[in-house]
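The values are calculated or read from the model by the stated rules, or taken from the named source; none is laboratory data. These figures come from a predicted structure and were not determined experimentally. Positions of Cβ are backbone-derived with ideal geometry, glycine not excepted, and every protein chain shown enters the neighbour counts. What goes into the accessible areas is simple: the full protein's heavy atoms, side chains included, and nothing from ligands, DNA or RNA. Shrake-Rupley method; radii C 1.70, N 1.55, O 1.52, S 1.80 Å.
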Amino acid sequence: METWSHHLCLGLLLLLLLSAECLGAEGRLAHKLFRDLFANYTSALRPVADTDQTLNVTLEVTLSQIIDMDERNQVLTLYLWIRQEWMDAYLRWDPNAYGGLDSIRIPSSLVWRPDIVLYNKADAQSSASASTNVVVRHDGAVRWDAPAITRSSCRVDVSAFPFDAQRCGLTFGSWTHGGHQLDVRPRGAAASLADFVENVEWRVLGMPARRRVLTYGCCSEPYPDVTFTLLLRRRAAAYVCNLLLPCVLISLLAPLAFHLPANSGEKVSLGVTVLLALTVFQLLLAESMPPAESVPLIGKYYMATMTMVTFSTALTILIMNLHYCGPSARPVPAWARVLLLGHLARGLCVRERGEPCGQPRPPEPVPSPQPPAGPPAGPCHEPHCLCRQEALLHHVSTIASTFCSHRAAQRRREDWKRLARVMDRFFLGIFFSMALVMSLLVLVQAL
């Protein structure tokens, strides 16, 4: 048993020595390969065997995070992983000559790198490449993976805020090499979103890639570039709950001022209170709304709602004047009596107490005072005849005339009050329909 344990320990020790020797040999081979590759290598020139040969660079972008979207300055800040691949004609070797070593990792500053930059960069600092390693394969394939925080210009259109969608392009291309010297192409049809961290304000719909070849005024040769278009849609749930729904509820409350009785004294107060509430929400909206050349959708909705509430308050004041017409008011015009107190009142079911809906009230005849009969012709011989009570008859005639005038004035006041109720009912339907339609049109945009 002791002999078997002794042999096992010797075997393990021999295995460790062989492994260390193998690793040491691999390290020595890697150092030898590095010295052989960079003995006469320069990173200042394009690594092509023929100067007329075009060097192909494959560009791959992975979107990791949306750091910030500055609508005021129209700057988009992203965290990207950028992978570039190309062939270096001077970094090739035979793996069998170096113990099967087929790839090495070396600092990127030692090899030639394409001068691919972000054309629409919006950062005041000079661009500096990340000091990461490159992977060099035995066939000359070089892969350079580098993280980058990019600040690019993006034209932001907030006309449909908070239901807006944005398209922000990131254009990559060589700064000094033309298309005959360096050709850049995207890997795949779109950027990768596999490692994307979800943003609380924006939802990413995609990031397609498109290659273009442009000729600029400064140079005659074409310059290829790759544009990754980031498709964004704003998450509008917070804006709907905090800004839009309160305005919708307040706008639906405003037409109810027409339903309040005129004697309550709160018709105008309700309209003014609703207008003040909308003004407060308008100030909150102005703080959270990004600046824009045109008025955003929610701003148009607020302005339309405030205009509607202002008109409804003004109409309420006019209707109150109709309701409180004094005894000196003129009678309701004939056209208003026929159209408003007749047809419109029946259509809106505005009736007096005890009057059936849809049937007009029969007009009451206005009694006209009859002058007292004059004394009979000839002398009257009755001592208690009424013809001898002329003063009493005159007072009775005056009382009857005053009663008839008072009854006619009261009738005119009742007609004006009824006209005011008809107008209240009519404008209640009009403004409530307007508020409902505007609210639905805005809320449909959120679906």
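Pull out all pairs, ordered by first then second residue, where Cβ-Cβ is under 7 Å, the residues are six or more apart or on different chains, the first lies in the stretch 32-50 and is under 19 Å from Tyr98 (Cα atoms) and in the same structural domain as Val136 (by the TED database), and the second is at pLDDT 90 or above and surrounded by fewer than 13 Cβ atoms within 10 Å (Cβ to Cβ).
Note: no pairs meet the criteria.
Which of the residues that make up the stretch 250-265 are surrounded by 12 or more Cβ atoms within 10 Å (Cβ to Cβ), out of contact with any Gly (no Cβ under 8 Å at 6 or more places or on another chain) and either assigned to a helix (DSSP H, G or I) or among the charged types (D, E, K, R) (or both)?
Residues of the stretch 250-265 surrounded by 12 or more Cβ atoms within 10 Å (Cβ to Cβ): 250-260, 262.
Pick out the ones that are also out of contact with any Gly (no Cβ under 8 Å at 6 or more places or on another chain) and you get 250-253, 255-256, 258-260, 262.
Within the stretch 250-265, Ile250, Ser251, Leu252, Leu253, Pro255, Leu256, Phe258, His259, Ala262 meet the criteria.
Identify, please: which residue in the stretch 71-101 is farther than 27 Å from His31 by Cβ and charged (D, E, K, R) and is, among those, modelled with the lowest pLDDT?
Initially, the stretch 71-101 is screened for residues farther than 27 Å from His31 by Cβ, giving 71-83.
After this cut, where a residue has to be charged (D, E, K, R) as well, the list is 71-72, 83.
Values: Glu71: 86, Arg72: 83, Arg83: 95.
The extreme case among them is Arg72.
Any residue in the stretch 68-80 that is assigned by the TED database to the domain that holds Arg151 sitting within a Cβ distance under 6 Å of a residue that is surrounded by fewer than 17 Cβ atoms within 10 Å (Cβ to Cβ) and among the hydrophobic types (A, V, I, L, M, F, W, C)? List the pairs, counting only those 6 or more apart or interchain.
Once the first residue is assigned by the TED database to the domain that holds Arg151 and sits in the stretch 68-80, its partners that are surrounded by fewer than 17 Cβ atoms within 10 Å (Cβ to Cβ) and among the hydrophobic types (A, V, I, L, M, F, W, C) give Val75/Ala122; Thr77/Ile67; Tyr79/Ile67; Tyr79/Ile149; Leu80/Ala148.
Would you check if Leu14 is at pLDDT below 90 and touching a Gly at 6+ places or on another chain (Cβ under 7 Å)? Give the derivation first.
Working: at pLDDT below 90: yes; touching a Gly at 6+ places or on another chain (Cβ under 7 Å): no.
Criteria not met by Leu14.
Would you be able to tell me the number of residues in the stretch 157-185 that are open to solvent by 40 Å² or more (accessible area, probe 1.4 Å) and more than 32 Å from the chain's Cα centre (by Cα)? Step through it out loud before you land on a result.
Narrowing the stretch 157-185 to residues open to solvent by 40 Å² or more (accessible area, probe 1.4 Å): 157, 159, 165, 167, 175-176, 180-181, 185.
So of that shortlist, the ones also more than 32 Å from the chain's Cα centre (by Cα) come out as 175-176, 180-181, 185.
Number satisfying all stated conditions: 5.
Where the second residue is among the basic types (Lys, Arg) and in a helix (DSSP H, G or I) and the first is closer than 17 Å to Phe427 by Cβ and lies in the stretch 337-351, which pairs have Cβ atoms under 6 Å and are six or more apart or on separate chains?
The qualifying pairs are Leu348/Arg425; Val350/Arg421; Val350/Arg425.
Restricting the search to the stretch 266-296, which residues are open to solvent by 50 Å² or more (accessible area, probe 1.4 Å), outside any helix (DSSP H, G or I) and not hydrophobic (A, V, I, L, M, F, W, C)?
Result: Glu266, Pro291, Glu293, Ser294.
Check whether at least one residue in the stretch 128-143 is within 30 Å of Ala292 (Cα to Cα) and either surrounded by fewer than 17 Cβ atoms within 10 Å (Cβ to Cβ) or of a type in the set (Val, Ile, Thr) (or both), and report yes or no.
Taking the stretch 128-143 first, the residues within 30 Å of Ala292 (Cα to Cα) are none.
Within the stretch 128-143, none of the residues are within 30 Å of Ala292 (Cα to Cα) and either surrounded by fewer than 17 Cβ atoms within 10 Å (Cβ to Cβ) or of a type in the set (Val, Ile, Thr) (or both).
Restricting the stretch 418-447 to residues that are small (Gly, Ala, Ser) and over 26 Å from the mean Cα position of the chain (by Cα), which is least open to solvent (accessible area, probe 1.4 Å)?
Pass one, the stretch 418-447, residues small (Gly, Ala, Ser): 420, 429, 433, 435, 439, 446.
Filter once more, so that each one left must be over 26 Å from the mean Cα position of the chain (by Cα): 420, 429.
Numbers: Ala420: 2, Gly429: 36 Å².
Applying the filter and picking the extreme gives Ala420.
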